[in-house]
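The values are calculated or read from the model by the stated rules, or taken from the named source; none is laboratory data. In this text, all values refer to a predicted model and were calculated from it rather than measured experimentally. In this analysis, Cβ positions are derived from the backbone assuming ideal geometry, glycine residues included, and neighbour counts consider all displayed protein chains.
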Amino acid sequence: MKTGRDIYISGIGTFSPGEPVPFDKIEDVLGHLTEASPKMIRRIGRVQGVMKQLLGIEYSHYAIDPVTRKATETNTTMVTKAARKALDMAGLKAEDVDLLVYAGIFYDHYCPPNSVFVQEALGIPACAEIEIHSNCTAIYKAIQVASDLVANGRYRNALVVSSQLSSPFLRSEYYNQSVLTEEQIVLRWFLSDGAGALVLTPEKPKQPCVKIVDTYLDSIGVGIPATMRLSIGTVNSNVQEIYAKGLHHLTQDLKTVASLGPKLGAKGIKNMLNKWGVGPDKVKCLFLNIPTKHLMDIGADLIRKELNRPDIPIYTKLSTRGYPGAPAIIIALDEYLKDMPLKPGEQILSFVTESSKWMHAGFLLERA
């Protein structure tokens, strides 16, 4: 349970690179897989139309120039643009930040961490910096760490940032197309690029805002196989072998995720509310960080039944952004809170199940 001072989200900013790319144009931007086996190429043509309906993606965003094939952004540049918006909204300067927490799964470099590059890009002369390595749950972990550290008085103003640059791992030039699997190809059709930032302060801002009521983390994957992998690291470090076997391909066991994820998620969100002692009747809107329409529909139905709230609204920006991983929830919050459709005391809830090794995370916000 959160203790100490109240913590407010006094600034929020997001960034989605490039123009929105319609689903039917995704292959044009990421590059056509012309070197895959004839069987796989035929399979792509048959499956793509079906997946369009299941994924529910109308538009995606990519930091890649479709003509030059060059990247237009880095994780650092994207998150810096989002952070500047959040700081402007909070009325703070870069030097006012004394805690910077970066959260994400993909980095610009293995070393140094992205956090120090963001610090330098923003011109923060000195601050504590923390980098959290995770996928969908990354931003939730960052919010918990930052809000607790500001609440207990260790730091004054926290900047929480998250970025996901998926396109370098999805473009046609990246793959060993001879060993591509269908599930690896499907990831190209819903993962996208984006960034988000939050400013957390103990002082209530003048503009309408929300405060953090509580946060939640729970790792439950012991004994359950990991279902999302990027198998590059100290275990697999031979470059030739990595490419030959396609170990550098981003991989997800979509069938297992579809069968297991919604069930675990529904139980997880009920456990979260029970731990907080919060009744679901108090929640005005639910933000689910789920990557596809198919999984969203299944998960939403199970959660509504689990909470006995068949009418609870669920908010997402999936169809107009694609799925940029951890920043997705900030992008959705930014859109939702722009008009502040909350009355004082009303609450909104966010929850995610990360399938990489089955972790739950969530937070509860209240209109201040």
Looking at the stretch 180-209, which of the residues that are out of contact with any helix residue (DSSP H, G or I) (no Cβ under 7 Å at 6 or more places or on another chain) and among the aliphatic types (A, V, I, L, M) is nearest to Leu342 (Cα to Cα)? Leu191
Against the definition (outside any loop (DSSP other than H, G, I, E, B) and either closer than 24 Å to Ala142 by Cα or not β-branched (Val, Ile, Thr) (or both)), how does Asp339 come out, yes or no? no
Could you say whether any residue in the stretch 159-180 is over 16 Å from the mean Cα position of the chain (by Cα), surrounded by 24 or more Cβ atoms within 10 Å (Cβ to Cβ) and under 16 Å from Ala83 (Cα atoms)? yes
Here is a check on your reading of the model: is Lys52 over 21 Å from Phe169 (Cα atoms) and surrounded by fewer than 18 Cβ atoms within 10 Å (Cβ to Cβ)? no
When the residues of the stretch 1-20 are narrowed to those that are of a type in the set (A, V, I, L, M) and crowded, with 22+ Cβ neighbours inside 10 Å, which ends up nearest to Met78 (Cα to Cα)? Ile12
Does the stretch 289-305 contain any residue that is acidic (Asp, Glu), over 19 Å from His360 (Cβ atoms) and modelled with pLDDT of 90 or more? yes
Can you tell me which condition Met272 does not meet? The list is (1) under 18 Å from the mean Cα position of the chain (by Cα); (2) more than 30 Å from Asn176 (Cα to Cα), and all the others hold. (1)
Output the residue which, of all residues in the stretch 123-158 that are under 15 Å from the mean Cα position of the chain (by Cα) and of a type in the set (A, V, I, L, M), is farthest from Lys245 (Cα to Cα). Ile143
Regarding the stretch 84-93, can at least one residue be identified that is touching a residue at least 12 places away in the same chain (Cβ under 8 Å), farther than 30 Å from Asn157 by Cβ and either outside the structural domain of Leu170 (by TED's automatic domain parsing) or basic (Lys, Arg) (or both)? no
Test result for Gly299, small (Gly, Ala, Ser) and out of contact with any helix residue (DSSP H, G or I) (no Cβ under 8 Å at 6 or more places or on another chain): no
Return yes when Thr234 is in a loop (DSSP other than H, G, I, E, B) and either at pLDDT below 95 or under 30 Å from Leu273 (Cβ atoms) (or both) and no when it is not. yes
Given (1) in contact with a His (Cβ under 8 Å, 6 or more places away or on another chain); (2) modelled with pLDDT under 95, where does Thr68 come up short, assuming only one miss? (1)
Any residue at all in the stretch 278-297 that's within 20 Å of Leu217 (Cβ to Cβ), in contact with a strand residue (DSSP E or B) (Cβ under 7 Å, 6 or more places away or on another chain) and surrounded by fewer than 18 Cβ atoms within 10 Å (Cβ to Cβ)? yes
Per-region count, the stretch 314-348, residues surrounded by 23 or more Cβ atoms within 10 Å (Cβ to Cβ) and over 24 Å from Ser16 (Cβ atoms): 0
What's the number of the only condition in (1) touching an Asp or Glu at 6+ places or on another chain (Cβ under 7 Å); (2) among the aliphatic types (A, V, I, L, M); (3) part of a loop (DSSP other than H, G, I, E, B) that Ala266 fails to meet? (3)
Just to be sure before I move on: is Thr34 surrounded by 14 or more Cβ atoms within 10 Å (Cβ to Cβ), of a type in the set (Ser, Thr, Tyr) and touching a residue at least 40 places away in the same chain (Cβ under 8 Å) in the structure I sent? no
Is there a residue being under 30 Å from Leu333 (Cβ atoms) and more than 20 Å from the chain's Cα centre (by Cα) anywhere in the stretch 29-48? yes
The conditions are (1) crowded, with 24+ Cβ neighbours inside 10 Å; (2) in contact with a helix residue (DSSP H, G or I) (Cβ under 8 Å, 6 or more places away or on another chain); (3) farther than 24 Å from Thr72 by Cα, and Ala142 fails exactly one of them. Which is it? (2)
Out of the residues in the stretch 84-136 that are of a type in the set (D, E, K, R) and in a loop (DSSP other than H, G, I, E, B), which is nearest to Glu73 (Cα to Cα)? Asp108
Tell me whether the stretch 6-17 contains one or more residues that are touching a residue at least 40 places away in the same chain (Cβ under 8 Å), on the phi > 0 side of the Ramachandran plot and in a loop (DSSP other than H, G, I, E, B). no
State which residue pairs qualify: first residue acidic (Asp, Glu) and inside the stretch 242-268, second residue not in a helix (DSSP H, G or I) in any location, beta carbons under 9 Å apart, and separation of 6 or more residues or different chains. Asp253/Pro225; Asp253/Ala226; Asp253/Thr227; Asp253/Met228; Asp253/Arg229; Asp253/Ser355
